[in-house]
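Have a look at the structure below, then the notes.
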Amino acid sequence: MEQPKLLLYNLTNAKGNKIEKLCNRLTITVRHINIPEYKESIGFLAGLPGTWETGLTENENTDTFEDEMLILVDFTDALLNTFLKEFRIQHIEPVELKAIVTAQNRTWNSMQLHEELNRERKAFGR
């Protein structure tokens with residue numbers, strides 16, 4: 001298994017700093033995703049084998065969102081449980097949009113995943 005990673009969106013703030021400190025303690029690599037990268041596949045952003053860059057440039061119009069979002073990559077069940085427990089213990093405010101990279105969503109871009117997570121959130125009445 002690869003080194004666990006956490007992809008962060010719109011978390012270049014105090015909450016993001018707390019999350020980074022937690023990840024450092026748990027040896028989780030953190031990567032902040034910038035707007036020009038939103039068109040890349042989640043698999044590429046996560047550094048997964050068999051994924052490639054789209055080649056889209058910063059000059060092209062990129063859809064965006066302001067919601068905070070995090071994506072967990074290569075987390076074991078034990079690490080996921082520890083991460084979520086420590087998130088609460090450290091009193092880090094919740095991030096509403098969370099996903100684990102799967103075989104299906106690894107080919108999606110950030111906008112597609114964001115839309116799906118929002119659909120799910122609305123379906124569950126949150």
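Could you put V73, V30 in order, starting from the residue whose Cβ has the fewest other Cβ atoms within 10 Å? Numbers along the way, then the final one.
Values: V73 23, V30 17.
Ascending Cβ contact count within 10 Å gives the list V30, V73.
Give the cross-link partners of K39 among the lysines, using a straight C-alpha distance below 30 Å as the criterion and excluding same-chain residues fewer than 8 apart.
Candidates past the 8-residue exclusion: K5, K15, K18, K21, K98, K122.
Between [x] 161; [y] 95; [z] 113, which matches volume of the Cα convex hull per residue in Å³ calculated for the structure shown?
Read-out taken from this structure: [z].
How about segment 1-110: which trypsin sites (Lys or Arg not before Pro) there are in a DSSP loop, with at most 13 other Cβ atoms within 10 Å of their Cβ?
Working: sites: K5, K15, K18, K21, R25, R31, K39, K85, R88, K98, R106; in loops: none.
Loop-located and lightly packed - none at all.
Under a plain spin-label model, where a point goes 7 Å from the Cα along Cα-to-Cβ, how far apart in nm are H32 and E116?
Here the modelled spin labels are 2.6 nm apart.
Tell me, in nm to one decimal, what length is gained between W52 and F87 on full extension, where the rule is 0.36 nm per residue of separation less the Cα-Cα distance? Present the calculation step by step, with values, prior to reporting the outcome.
Values: separation 35, 0.36 × 35 = 12.60 nm, distance 3.19 nm.
Full extension from W52 to F87 adds 9.4 nm.
With only Lys, Arg, Asp and Glu charged, each at its Cβ (+1 for the first two, -1 for the last two), find how big the charge dipole of the chain is about the Cα centre; round to the nearest 20 debye. Could you put the intermediate results ahead of the total?
Values: 15 positive and 19 negative charges, 121 e Å.
So the magnitude is around 580 debye.
Each reported figure results from applying straightforward, stated rules to the coordinates on display, with no laboratory input. Just so it is clear, the model here is predicted, and its values are computed rather than measured. Glycine gets a Cβ as well: all are built from the backbone with ideal geometry, and neighbour counts include every protein chain shown.
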